[in-house]
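Only the coordinates and a few stated rules stand behind these numbers; no lab work does. Just so it is clear, the structure is predicted and the values come from calculations on it, not from any experiment. Here the Cβ positions follow ideal geometry from the backbone for every residue, glycine too, while neighbour counts run over all protein chains shown.
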Amino acid sequence: MKEDNLKKLLEQVKDGGLTVEEACRELKDLPFKDMGFANVDNHRELRTGFPEVIYCQGKTHEQIRDIMTELVKSGGNIMATRATKGDYDLVKKQLPQAEFFETARIIAVIQGTGIKLKTVAVVTAGTADIPVAEEAAVTAEILGNEVSRIYDVGVAGIHRLLSKIDKIREADVVIVVAGMEGALASVVGGLVDVPVIAVPTSIGYGANLGGVSALLSMLNSCANGVGVVNIDNGFGAAYLASVINKGKSSQKDED
């Protein structure tokens, strides 16, 4: 349930337009809905500002469909990550308004613009990093950010990055997605004055160790202001960027 909806419900009770019993029926699925195979967290947006997101891997098509159908009832933008075309095909039958972002592997139901946040630049070292970057970019957009995509500007051709640095510096948060040795995060961190969220990817040859080498390089970054999420976790980076931007927005509003 969205905070605005809860406030409206309480106002109706206060004004006598809704009885306490009727309000209780409306609130019966807070804080969660027990679906037998899943406890859908209807209370999460009230606690964190963003609704629950479905992680599709390990779930059946039917489970994903049913969870999305339940979440859609509360309004707002609903998304499912690491989705397949098969997941989407079944969801689409139940929710015709659902969209599939194939490269990002995200199913989304857009039900409003929601809160307006700030800007996020998503930067990749190589073209092979784009699937993880798109997971970050699409997530950031669904959560209310304006996103700039700056792809294939890795350190093997540093002039490519420098040609885009002014655009990168316009962002409130920068997400850097890189495999191989993961050096791009440190370079970007030394060129901007905003938080940099580094995403190591599993792209690379044997000694990359499925992204572990890039992860360790990013964790050992000598640039200040660089934080690191897990390997291939574009969603986590975008969610963190949205939390940062939401906090900045609130602070500016207070000022």
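Antiparallel DSSP bridges in region 94-228: what percent, to the nearest 5? Each step should come with its number before you reach the end.
Numbers: 3 of 21 bridges.
DSSP beta bridges in region 94-228 are roughly 15 percent antiparallel.
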Label model pair residue 212, residue 159: point-to-point distance (7 angstrom along the Cα→beta-carbon line) in nm is 3.8
Site residue 169, offset 7 angstrom along Cα→Cβ, radius 14 Å on amide nitrogen, limited to region 216-238, gives none
Total charge of the residues flanking residue 234 in space, meaning their Cβ is under 15 Å from its Cβ, with Lys and Arg +1 and Asp and Glu -1, is -3
Rounded to one decimal in nm, the spacing of the 7 Å Cα→Cβ label points at residue 94 and residue 11 is 3.2
